[in-house]
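In what follows, a single structure is set out as structure tokens and then discussed.
The values are calculated or read from the model by the stated rules, or taken from the named source; none is laboratory data. Since the structure is predicted, the reported quantities are computational estimates derived from the model, not experimental observations. Cβ placement follows ideal geometry from the backbone for every residue including glycine, while neighbour counts extend to all protein chains displayed.
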Amino acid sequence: MNLAILGPPGSGKGTQAVHLAKQLQIAHISTGEILREAVRKKTPLGCEAKKFLEAGQLVPDAVVLEIVKAKMHEPTSAGGYILDGFPRTIPQAQMLDRIDNHPQNPHPPLEKAIYLEVSDEECVARLSERRTCPECGLTYNPVTHPPKKAETCDACKAQLILREDDRPETVRNRLQVYHAQTAPLIQYYEGSGRLVKINGNSSPQEIYKNIINLL
Ligand code: AP5
Ligand code: MG
């Protein structure tokens, strides 16, 4: 099964995608995570992407598309995948459909796009609380997923930080970019009968149950 999960920054895409990937035994492909790892490792991709991430702007479509294509063709994706944070613009969705519908594409096409509906205010509140490990990228939340020791990563013991783009002023930028460039995807997938709309305001467990029921 090939899925995509979309919604505003902080709507819970990553939280749900991790559980769905585990339960359905499919690969979790997060473009944001791949880009942040490239920035941490200072690869050429990371150096190109850094300024976009820090400003809360989108990385150019062509760059992101290459990342996703490579991941989709890895052996770990052979049993299916969930795309987290991709597509994020109408051209990205059209490019994905072109790849999916290519006669030589060995993979089944995207089946469903799960849309998590959450208000802007709730997103800003959630992201200002989220803490991230600067070494390994694991994320924590004081209420839904606290670290064992305050402000310390469970895995690598580094001091947790507020992600550069989780500062309220940058989150506002990300939300503007979301409404202008990503929200039109809701209609795009509704029009092709692939949208699964979920109220993203309840607990992560409740949301997960609703997604599984609707799939
Ligand atoms: P990306 O990493 O995709 O960030 P995002 O979409 O802005 O959203 P987040 O990952 O911050 O939030 P999320 O929805 O995953 O929520 P989470 O589960 O963490 O992208 C980052 C950047 O990379 C972009 O700005 C862009 O520059 C670039 N990029 C990435 N993909 C791109 C693309 N395709 N094209 C171009 N550029 C691209 O949850 C958030 C917090 O809320 C956590 O603390 C969590 O514990 C908590 N939480 C989760 N669910 C709940 C709940 N139900 N109730 C209460 N709290 C909850
Ligand atoms: Mg995420």
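Observations on the structure shown:
- Residue pairs meeting the criteria (Cβ under 8 Å; at least 6 apart or on separate chains; first among the small types (Gly, Ala, Ser) and in a helix (DSSP H, G or I), in segment 63-80; second at pLDDT below 95 and more than 14 Å from ligand 1 (Cβ to nearest atom)): Ser77/His107
- Residue check, Pro103 in contact (Cβ under 8 Å) with a residue 40 or more places away in the chain, part of a loop (DSSP other than H, G, I, E, B) and either closer than 15 Å to Ile29 by Cα or more than 11 Å from ligand 1 (Cβ to nearest atom) (or both): no
- Annotation note: Cβ proximity below 6 Å between a residue of segment 5-20 that is more than 14 Å from Lys209 (Cα to Cα) and a residue that is basic (Lys, Arg) and near ligand 2 (Cβ under 9 Å from one of its atoms) (sequence gap 6+ or interchain) occurs for Ile5/Lys13; Gly7/Lys13.
Yes/no matrix, rows are residues, columns are (1) assigned to a helix (DSSP H, G or I); (2) farther than 18 Å from Leu127 by Cα; (3) basic (Lys, Arg):
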site: Cys156; (1), (2), (3): no, yes, no
site: Glu169; (1), (2), (3): yes, no, no
site: Ala180; (1), (2), (3): yes, yes, no
site: Leu185; (1), (2), (3): yes, yes, no
site: Tyr189; (1), (2), (3): yes, yes, no
site: Asn210; (1), (2), (3): yes, yes, no
site: Asn213; (1), (2), (3): yes, yes, no
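- Selection from segment 162-215 of residues that are more than 14 Å from Tyr115 (Cα to Cα), at pLDDT 95 or above and in contact with a helix residue (DSSP H, G or I) (Cβ under 6 Å, 6 or more places away or on another chain): Leu175
- Segment 21-38, residues that are in a helix (DSSP H, G or I) and either within 15 Å of ligand 2 (Cβ to nearest atom) or in contact (Cβ under 8 Å) with a residue 40 or more places away in the chain (or both): Ala21, Gln23, Leu24, Thr31, Gly32, Glu33, Ile34, Leu35, Arg36, Glu37
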